[in-house]
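Okay, structure first, notes after.
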Amino acid sequence: MSALTDLTLAEASAALAAKKISATELARAHVEAIDRLAALNAFILTTPDRALADARRSDERIARGEARPLEGIPLAIKDLFCTEGIETTAASRILGGFVPPYESTVTANLWRDGAVCLGKTNLDEFAMGSSNTTSAYGNVVNPWKRRGDNRDLVPGGSSGGSAAAVAARLCLGATATDTGGSIRQPAAFTGTVGIKPTYGRCSRWGIVAFASSLDQAGPMARTVKDCAILLRSMAGFDPKDSTSADVPVPDFAAAVGQSVKGLRIGVPREYRLDGLAPEIVSLWEQGIAWLKEAGCTIHEISLPHTKYALPAYYIVAPAEASSNLARYDGVRFGLRVPADSLDELYEATRGAGFGAEVRRRIMIGTYVLSAGYYDAYYLKAQKVRALIARDFDAAWQSVDAILTPATPSSAFAIGEKQDDPVTMYLNDVFTVTANLAGLPGISVPAGLDAGGLPLGLQVIGRAFDEETVFRVAGAIERAAAFDAVPQLRAGA
Amino acid sequence: MSLDAETIRRIASLARIRVSEAEVATLQGELNGILAWIEQLGEVDTEGVAPLSGAARMALRMREDAVTDGGIRERILRNAPERIGLDGAFFAVPKVVE
């Protein structure tokens with residue numbers, strides 16, 4: 001049998017159920033792997049004692065024949081999910097020392113189903129970034145290296161720690177969140193699978209808020225099926241989130257192996273950006289060929305407002321962020337910089353506590369919401385958002401799913417693309433539309449670029465039709481037979 | 001349209017974020033770069049389009065108007081950087097009224 005850290009989540013579950021391995025040895029293997037690869041900086045906080053205690057309980061339940069759906073499965077939790085009694089930082093200085101007195105609904109669902117907690121993964125500060133270089137706890141290193149080049153690469157962001165941990169085999173799966181691409185872009189950069197489900201599918205309760213109308217939690221793992229298994233546990237109606245959808249949660253994993261014969265796949269012409277790297281274009285064409293081979297029909301579609309999605313996002317998301325982040329006031333929790341007056345206390349605390357990117361976005365948001373500019377910016381962006389959603393509504397008249405590249409490039413070096421904020425924002429050009437329209441999107445590893453770095457394809461589906469998304473993603477995964485592994489990984 | 005240094009200072013003050021004079025200049029360049037890029041939304045004809053405020057395309061739920069939580073003072077105060085009063089029952093702030 002291969003190393004415990006090389007198992008997929010589904011394989012580990014089967015081995016646990018068959019008592020071929022114990023949850024304790026599985027947890028210990030991952031705890032050790034995290035220690036050995038600490039240089040990746042994938043974790044802000046590890047919880048080895050908690051992991052071993054969880055695992056012991058899982059072993060007892062398995063022995064009693066009372067295993068739950070994720071019994072004994074070691075997971076990493078993005079440090080944006082509040083975990084009761086475990087420090088939660090959102091990778092920001094301003095939350096330093098904050099120990100939530102409550103558990104987020106998504107993580108509570110995972111523990112209810114028997115998962116084992118390995119620790120809290122690094123991220124861009126408040127999930128604002130595409131390279132995991134805005135964290136107050138330092139950069140995360142991508143476990144992949146470009147061929148013949150020893151420079152450290154970014155894992156993508158904002159869920160960079162979760163992506164690196166999954167890719168390097170430090171966990172069997174991880175939670176992540178996606179506001180403009182923060183699950184799918186890091187998945188593409190690390191050769192892992194990540195799905196942002198439909199808005200409302202997973203409760204946002206207890207997740208540190210960035211942009212509430214766009215934020216959505218989802219899983220990252222090494223296979224499509226593993227993501228499907230995790231999402232089933234994470235999802236579900238929650239009265240504590242007013243936007244949580246009261247709809248049944250299907251058995252997503254059952255959809256993964258289903259035939260895609262007869263499915264109509266849309267290929268949006270507006271995603272063929274000028275100057276798009278030839279490698280990305282050929283990967284996309286390869287994906288189209290695979291799906292055709294599997295029995296899908298391919299249809300060129302038009303999503304005419306695609307070009308305006310990112311600029312609209314950079315009004316809507318900062319506006320919501322400026323409002324959400326008003327709560328960090330130095331009074332109720334987190335950092336406090338003493339001052340003589342209340343206003344000075346706020347200004348000093350927030351000036352010292354927020355990093356450069358977060359500050360920029362709060363200021364953009366404050367400006368677009370300020371008197372006299374609200375209509376010109378915020379209202380305009382919301383109207384453009386309506387048009388983007390309408391583009392997709394029209395597309396669903398003729399197709400069942402949409403295939404696009406996940407990112408416009410493979411992982412770049414730490415320090416690259418940092419010249420100006422807008423260059424970094426363009427990373428999310430293919431992913432942000434699904435957030436604005438609230439649709440599910442998955443990134444599946446589909447090939448390597450000339451430098452030996454992974455590239456991903458994205459499948460977007462109708463609202464609450466993750467099953468079709470998983471079906472198509474499963475077909476791509478089978479056709480791609482992606483078996484490349486990163487240079488830095490447990491067991492290597 | 002371009003933001004001048006005075007406007008940057010005003011936005012920072014509205015956002016209650018202290019920025020140094022050196023940062024004002026940096027922020028001015030960055031924010032103007034972002035706003036110039038955003039300006040392209042002006043090309044889109046949005047006449048008669050209803051704004052979309054959220055991705056949850058469903059009506060907000062109603063629930064019974066009943067108290068469902070409470071009695072957790074200590075849990076709420078536990079993370080306070082500074083507390084005041086008997087049993088530390090209050091969040092502490094600098095003196096607001098003379």
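Numbers for the structure displayed
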read-out	value
Cross-chain or 6+ apart pairs with Cβ under 6 Å, the range A:335-363 first and within 22 Å of B:R83 (Cβ to Cβ) and open to solvent by 10 Å² or more (accessible area, probe 1.4 Å), then of a type in the set (S, T, N, Q) and in a helix (DSSP H, G or I)	A:L335/A:T349; A:R336/A:T349; A:V337/A:T349
Test: residue in the range A:429-442 that is aromatic (F, W, Y), over 18 Å from A:P278 (Cα atoms) and away from chain B (no Cβ under 14 Å)	no
Number of positions in the range A:285-315 that are within 9 Å of chain B (Cβ to nearest Cβ) and in a helix (DSSP H, G or I)	7
Residue check for A:T24: part of a helix (DSSP H, G or I) and among the polar types (S, T, N, Q)	yes
Within the range A:276-327, tally of residues that are among the hydrophobic types (A, V, I, L, M, F, W, C) and at pLDDT below 95	2
Residue list for the range A:374-387, filter: under 25 Å from the mean Cα position of the chain (by Cα) and either more than 9 Å from every other protein chain (Cβ to nearest Cβ) or not hydrophobic (A, V, I, L, M, F, W, C) (or both)	A:Q382, A:R385
Helices (runs of 4 or more DSSP H) (entirely within chain B) containing at least 1 residues that are open to solvent by less than 80 Å² (accessible area, probe 1.4 Å) and at the interface with another protein chain (Cβ under 7 Å from one of its Cβ atoms)	B:5-14, B:21-38
Residue match in the range A:70-84 (condition: open to solvent by 20 Å² or more (accessible area, probe 1.4 Å) and in a loop (DSSP other than H, G, I, E, B))	yes
Which listed residue is polar (S, T, N, Q) and out of contact with any helix residue (DSSP H, G or I) (no Cβ under 8 Å at 6 or more places or on another chain), from A:N150, A:N122, A:N142, A:N132	A:N150
Flag for A:R390 being more than 22 Å from the chain's Cα centre (by Cα), assigned to a helix (DSSP H, G or I) and either more than 7 Å from every other protein chain (Cβ to nearest Cβ) or of a type in the set (G, A, S) (or both)	yes
Residue tally, condition over 22 Å from A:S162 (Cβ atoms) and away from chain B (no Cβ under 14 Å), over the range A:208-253	3
Residue list for the range A:393-407, restricted to those being part of a loop (DSSP other than H, G, I, E, B) and open to solvent by 10 Å² or more (accessible area, probe 1.4 Å)	A:W396, A:Q397, A:S398, A:D400
Filtered residues of the range A:353-363 (kept if within 8 Å of chain B (Cβ to nearest Cβ) and more than 18 Å from A:S130 (Cα to Cα))	A:M363
Count of residues meeting criterion [open to solvent by 30 Å² or more (accessible area, probe 1.4 Å) and of a type outside the set (V, I, T)] in the range A:38-52	8
Index of the failed condition, A:E103 passing every other in (1) in a helix (DSSP H, G or I); (2) open to solvent by less than 50 Å² (accessible area, probe 1.4 Å); (3) under 28 Å from A:Q216 (Cα atoms)	(1)
Residue list for the range A:367-407, filter: without any contact (Cβ under 8 Å) to a residue 24 or more places away in the chain and in contact with a Ser or Thr (Cβ under 7 Å, 6 or more places away or on another chain)	A:K383
A:E279 being surrounded by 15 or more Cβ atoms within 10 Å (Cβ to Cβ), assigned to a helix (DSSP H, G or I) and charged (D, E, K, R)	yes
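Every residue, every condition in (1) under 14 Å from the mean Cα position of the chain (by Cα); (2) in contact (Cβ under 8 Å) with a residue 60 or more places away in the chain; (3) open to solvent by 20 Å² or more (accessible area, probe 1.4 Å), yes or no:
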site	(1), (2), (3)
A:S409	no, yes, yes
A:D420	no, no, yes
A:T431	yes, yes, no
A:L436	no, yes, no
A:P440	yes, yes, no
A:S443	yes, yes, no
A:A446	no, yes, no
A:A450	no, yes, yes
A:L453	no, yes, no
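Yes/no per residue for (1) assigned to a helix (DSSP H, G or I); (2) at pLDDT below 95; (3) more than 25 Å from the chain's Cα centre (by Cα):
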| position | (1), (2), (3) |
| --- | --- |
| A:A10 | yes, no, no |
| A:A15 | yes, no, yes |
| A:K20 | no, no, yes |
| A:R57 | yes, no, yes |
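The values are calculated or read from the model by the stated rules, or taken from the named source; none is laboratory data. Quick caveat: nothing in here was measured; it's all calculated off a predicted structure. Positions of Cβ are backbone-derived with ideal geometry, glycine not excepted, and every protein chain shown enters the neighbour counts. Accessible surface is based on the protein model in full, side chains and every heavy atom, while ligands, DNA and RNA are left aside. Shrake-Rupley method; radii C 1.70, N 1.55, O 1.52, S 1.80 Å.
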